[in-house]
Structure formats: C-alpha cells, structure tokens
Amino acid sequence: MNIKSKIASLRSKIDQVDKNILKLLKQRMAIVIKIGKLKRLNKIAVVDKKREKDVLKRTKTGFERSIFEKIVSESKKLQKRAKK
C-alpha cells in the first residue's frame, strides 16, 4: 500500500469517527432540549453553575475542556430556546 492509499484509509476512519461524534452530539442536544422544557415548566433557571463545573471536571486536557465549554455553551442556548 502506497502512502496516498494509507492516508486515504486513515481519513476514511476519521470520517467514520466524525460521523459517530455528530450522532452523539445530536442525541445529547435532544436531551438538552427536553431538560430545557422541564426547566421552563418548573420555573428553573437554565444556567446551573454546579452542573457546568461538574461537566468540565471530567476533561483531562485543555483541548477537551475547550470542546466541552463549547458544548455547554450551545446546550444553554438550546435550553433557552426550548423555554420559549
């Protein structure tokens, strides 16, 4: 197998991983919307600093933390929209 074939094979694997990541993010966001609706019905604030802190504690590197900060940020936006 030549180098171009090896790279193509590895990129194909990356594409599959990306597909799985997107699938999991969609599942997560569907749950986030349900939480947002429950918070609205029960007059609970969207922002939960303790929960955010707990989620970010699970990260081990700056790279992971930056990704989860973005996920948490987008989750809050979705919850706010679910409240309307």
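The values are calculated or read from the model by the stated rules, or taken from the named source; none is laboratory data. All values reported here derive from a predicted model rather than from experimental measurement. Here Cβ is always computed from backbone atoms with ideal geometry, including for glycine, and neighbour counts include all displayed protein chains.
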Odd one out for Ala45 among (1) more than 16 Å from Glu74 (Cα to Cα); (2) surrounded by fewer than 12 Cβ atoms within 10 Å (Cβ to Cβ): (1)
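Each row is one residue, and each column tells you yes or no for (1) of a type outside the set (Phe, Trp, Tyr); (2) over 22 Å from Gln79 (Cα atoms).
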position: Lys4; (1), (2): yes, yes
position: Ala8; (1), (2): yes, yes
position: Asp15; (1), (2): yes, yes
position: Ile21; (1), (2): yes, no
position: Leu24; (1), (2): yes, no
position: Phe63; (1), (2): no, yes
position: Phe68; (1), (2): no, no
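From the list Arg58, Arg65, Arg11, Arg51, pick out the single residue that is free of Cβ contacts under 8 Å to residues at least 40 places away in the same chain and in contact with an Asp or Glu (Cβ under 9 Å, 6 or more places away or on another chain).
Numbers: Arg65 fails: in contact with an Asp or Glu (Cβ under 9 Å, 6 or more places away or on another chain); Arg11 fails: in contact with an Asp or Glu (Cβ under 9 Å, 6 or more places away or on another chain); Arg51 fails: in contact with an Asp or Glu (Cβ under 9 Å, 6 or more places away or on another chain).
Exactly one residue qualifies, and that residue is Arg58.
If you go through the stretch 1-14 one residue at a time, do you hit one that is modelled with pLDDT of 95 or more and under 17 Å from Phe68 (Cα atoms)?
Step one: list which residues in the stretch 1-14 are modelled with pLDDT of 95 or more, which gives 2-14.
Now narrow it down to the ones that are under 17 Å from Phe68 (Cα atoms): none.
Looking through the stretch 1-14, none of the residues is modelled with pLDDT of 95 or more and under 17 Å from Phe68 (Cα atoms).
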Just one of the numbered conditions (1) in a helix (DSSP H, G or I); (2) closer than 29 Å to Lys80 by Cβ; (3) under 16 Å from the mean Cα position of the chain (by Cα) is not true of Leu38; which one? (3)
